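Heads up: the structure comes next, in structure tokens.
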Amino acid sequence: MDELLDNLNAEQIKPVEDTEGAVLVLAGAGSGKTRVLTSRIAYILREGKATLSQILAITFTNKAANEMKERLANILGGGDSKWICTIHSMCVKILREYGDKTGIKSNFSIYTEVERNNVIKKAFKELDFADDGLLKSAKYHVGNAKMLGLDPDQYGRMFQHERGMENIVLIYEKYNRHLKENNALDFDDLLIQTLRLLRQDAETREYLADKFRYVLVDEFQDTNAVQYNIIKLLSSKHKNIFVVGDDDQSIYGWRGAEIENILKFDKDFPEAKIYKLERNYRSTKSILRLANAIIKNNVSRRGKVLWTEAEEGEKPQYYQADEESGEALFTAQKIAEGVRAGRRYSHFAVLMRINALTRSYEQEFTKYGIPYKVFGGFRFFERKEIKDILAYLRLISNPFDSEAAERIINVPKRGIGNKTIEVMYSYAQSNGLSLYDAAVDSAFLPLSASAKEKLKDFANLIKGLILSSLQTNVAQLVRDVINTADLRSAYYDGTDEGDGKLANLDEFIASVDDYVRLNPEATLNDYLNQITLASDADDMDDGNYVTLATIHAVKGLEFPVVFICGLEDGIMPSSRAEADGRDLEEERRLMYVAITRARERLYLTRSKSRYLYGHRNISNPSRFILEMAAELGVTEKPAYRSAGSRYGGEYGYGQRYSGYERSAGRPLYSDGSIYQSDEPVQPAKSTSSFKAFWGGQKKPEDKQNAKYSVGMKVRHPKFGLGMVIAVKNNGNTVNVAFDGQGIKELSASLAPLEIVK
């Protein structure tokens, strides 16, 4: 009996045992790729081919890395697993240890997108530019240049045809100078500088290539050119490179991922062995049939068909609502039904192409007391008060970080104005110093005695915290920062918003305590690395709430019940995707990823009209519904579109409600809801027939619900006290006027209303 291999199927065992040389594993969704990766590492260790510290295993989220470490710990009972990490974490480790060979100080700060944009804006102002359009363009192009690994001159030559490129290059050059002055790297720099180090310093390259006898890469389809080159250099000595990925789940082309890396791997490594994992352990047969039906329409793929020995399961359901509130209400009803049947709220996820669609779900879920969390939008560590305290910690770790110093020099307010900061910057730049150094040297600045005293107090505050950081752990340091800097006073204003910010500070303290408990030896730099490199998926916990998320935010996760909403052309697929080609294929892969998150039940929903981008527009069903029509059992109908399509073109999203003209070959589908009628829906002949055209299907008579009556007082857990002012639809809908909240229309069967006697 072999305990290590007995838990694997025949498809999985082959790549686990094939340890030498280049290996590509095409792993379908839910096919057990993490198990294969961890089993392969354990197999290498068991066979004595390497120690754990000689194995580099790269993942793309901290959550995946931690899961792999936990599985290995269960198999091996421990070991040095620091090189099982994300690629950005790997680069941080390499640069902190060897970066001095290319002029990078080991205590560098890591700038997020927010800090990057702040520094770009600063460079823009210093160059005396005033065109907001140029600033917006510069932010895009600097990010694009970094993603491509190009310096300002290279990028300027490659995109010289772009409007304003000469000025963009100047901004990019100044941005890079500011990063160097601040001893900071942005996310892309972590990759670029690591690649530069490996290419320029033969000693470091040879040492690391020799150290890592085996290099394993998860989610290989998400690698970009810079990442792939780093991986090739690190595996150049032993040439044992093992990559696992799914070309059908490559959904990050917009941030530089190159699907060609996985499609052409065997051209880069002609001796590579290729294995396929097609058996799915996650979803029912009916869900997998739908996934296979959509993805087969892509041309740029190696080709595989998911299969399972699981049960047939419930058929995926397609539902069309008249408006987005009805779409969200349908979802709320299904969730409530599931919870009454014994499910937890955490069993449900509502997935969408764009975060803007959460609004109607947040409103409906709040009405009916359904707990939820939103992912893919404004994350906890991006809130102002959290960014403020993190800026204190960054400055304590790296006093060269002038961006951090400027952010918190007046938090809480110290009476240090913009003119003073301008004088400080002028002095710092003239003397090759940081903004913090200028505060230390306040006596030499051409400022009033009062301003000098304020800067001296700030410099002494930071100096004291730096000394404190050398003597205490991160958890105590955070408390010292909040108390010594009197941070709570910056947010305490007696309002609900202020109370929320204070609560977030307390939540931050709790999160640091958790981190230190699990990592008692961690330094301040270790903590800042972990926070800066976190992703949305890392924020997801085991709480009992419905997940509202963009599809990108949940890749790698799974849920018993999934709702995919907003299935309209212009939203899914995005309006930016062309009628065919690379972008549309990525949108189709995104749809495939969304479908394969579901284990047991799947609902596909859309609204026939939607308020979005400041307009209520008539929408067309997503073309992906047509591609899945046979599996969904929907019936194709003739479609109509207005001449005023928001995005233009036959497939444009968001036709304004006006006259219709015939659009040959453009489908509309019968309502796939529980009230679906077999009778064909007749197209309206004019705008006056709008209701008959879009919502003309009959529903069973509402059952009488006499629980509420006009004048009755009720209490809602969110909205407080209210009075019933109307009872509609035979008692199934009630209108309630809440004190200070206005009138809310609620489903009588769903709303968590308590009758007040």
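Key figures
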quantity	calculated
Count of the stretch 482-513 residues which are open to solvent by 70 Å² or more (accessible area, probe 1.4 Å), under 23 Å from Ser469 (Cβ atoms), assigned to a helix (DSSP H, G or I) and not basic (Lys, Arg)	4
Sole residue being touching a Lys or Arg at 6+ places or on another chain (Cβ under 9 Å) and of a type in the set (A, V, I, L, M, F, W, C), chosen from Ile84, Ile58	Ile84
Qualifying helices (runs of 4 or more DSSP H) (wholly inside the stretch 232-337; at least 1 residues being open to solvent by 10 Å² or more (accessible area, probe 1.4 Å) and under 29 Å from Val350 (Cβ atoms))	285-295
Hits in the stretch 555-594 (condition: out of contact with any Gly (no Cβ under 7 Å at 6 or more places or on another chain), aliphatic (A, V, I, L, M) and within 21 Å of Arg301 (Cα to Cα))	Ala577, Ala579, Leu584, Leu590, Met591, Val593, Ala594
Residues within the stretch 346-377 that are under 13 Å from Phe563 (Cβ atoms), in contact with a Phe, Trp or Tyr (Cβ under 8 Å, 6 or more places away or on another chain) and part of a helix (DSSP H, G or I), tallied	3
Residue in the stretch 379-390 that is open to solvent by 30 Å² or more (accessible area, probe 1.4 Å) and within 30 Å of Ser283 (Cα to Cα) present	yes
Residue satisfying condition, being in contact (Cβ under 8 Å) with a residue 24 or more places away in the chain and in a helix (DSSP H, G or I), within set Ile58, Ile110, Ile75	Ile75
Check on Ala443, closer than 19 Å to Glu403 by Cα, out of contact with any Gly (no Cβ under 6 Å at 6 or more places or on another chain) and open to solvent by less than 80 Å² (accessible area, probe 1.4 Å)	no
Close pairs (7 angstrom Cβ cut-off, 6 or more residues apart or separate chains): at positive phi in the stretch 351-370, open to solvent by 10 Å² or more (accessible area, probe 1.4 Å) anywhere	Gly369/Pro717; Gly369/Pro752
Residue within the stretch 139-152 that is free of Cβ contacts under 8 Å to residues at least 40 places away in the same chain, on the phi < 0 side of the Ramachandran plot and part of a loop (DSSP other than H, G, I, E, B) present	yes
Any hit, the stretch 81-91, residues being in contact with a Ser or Thr (Cβ under 6 Å, 6 or more places away or on another chain), of a type outside the set (Asp, Glu) and at pLDDT 95 or above	yes
Selection within the stretch 735-757 - under 37 Å from the mean Cα position of the chain (by Cα), more than 13 Å from Ser709 (Cβ to Cβ) and of a type in the set (A, V, I, L, M, F, W, C)	Phe738, Ile743, Leu746, Leu750, Ala751
Verdict on Lys63 being open to solvent by 60 Å² or more (accessible area, probe 1.4 Å), in contact with a strand residue (DSSP E or B) (Cβ under 6 Å, 6 or more places away or on another chain) and on the phi < 0 side of the Ramachandran plot	no
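Table: residues versus (1) in contact with a strand residue (DSSP E or B) (Cβ under 9 Å, 6 or more places away or on another chain); (2) crowded, with 22+ Cβ neighbours inside 10 Å.
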residue	(1), (2)
Leu557	yes, no
Pro560	yes, no
Cys565	yes, yes
Asp569	yes, yes
Met572	yes, yes
Arg576	no, no
Gly581	no, no
Met591	yes, yes
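For (1) hydrophobic (A, V, I, L, M, F, W, C); (2) open to solvent by less than 50 Å² (accessible area, probe 1.4 Å); (3) within 28 Å of the chain's Cα centre (by Cα); (4) within 16 Å of Glu181 (Cβ to Cβ), each residue gets a yes or a no:
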position	(1), (2), (3), (4)
Ile396	yes, yes, no, no
Ile409	yes, yes, no, no
Gly415	no, no, no, no
Ala428	yes, yes, no, yes
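The values are calculated or read from the model by the stated rules, or taken from the named source; none is laboratory data. Bear in mind that the values here come from a model prediction, so they are computed numbers and not experimental data. All Cβ positions, glycine included, derive from the backbone under ideal geometry; neighbour counts span all protein chains shown. Just so you know, the surface numbers come from the protein's heavy atoms only, side chains and all, with ligands and any DNA or RNA stripped out. Shrake-Rupley method; radii C 1.70, N 1.55, O 1.52, S 1.80 Å.
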